[in-house]
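Derivation of every value follows stated rules applied to the coordinates shown; laboratory data play no part. Only a predicted model underlies this, so the values are computations on that prediction, with no experimental measurement involved. All Cβ positions, even for glycine, are placed from backbone atoms using ideal geometry, and neighbour counts span all protein chains on display.
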Amino acid sequence: MKQLTYRILLRKEPEGGYTVIVPSLPGCVTYGDTIEEAIEMAKEAIEVYIESLREHGEEVPTEEGTLEYTLTVNVRKAHA
């Protein structure tokens, strides 16, 4: 069995819980009430996503060769 590694992004939602996005798998989004649940849901969503790609004969994207940067920008306040 081959192991693939995917980066996930968790965003805390105002109403509670966490939305999870898998940037390398477009449309692969899930949710969990806690960080732990969100991570487990992400694993399941990734597995189902990859299974669907394979069933349809599509290529499975990987993060090989992906570089990650975090940028900080200054934004002027909007005029009221």
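A compact table of results
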{"quantity": "Residue satisfying all of: in the range 6-15; touching a Ser or Thr at 6+ places or on another chain (Cβ under 8 Å) and not hydrophobic (A, V, I, L, M, F, W, C); farthest from Leu67 (Cα to Cα) among these", "calculated": "Glu13"}
{"quantity": "Complete set of residues in the range 20-56 that are under 24 Å from Leu67 (Cβ atoms), without any contact (Cβ under 8 Å) to a residue 40 or more places away in the chain and hydroxyl-bearing (Ser, Thr, Tyr)", "calculated": "Tyr49"}
{"quantity": "Count of residues meeting criterion [closer than 29 Å to Gly16 by Cβ and charged (D, E, K, R)] in the range 33-76", "calculated": "8"}
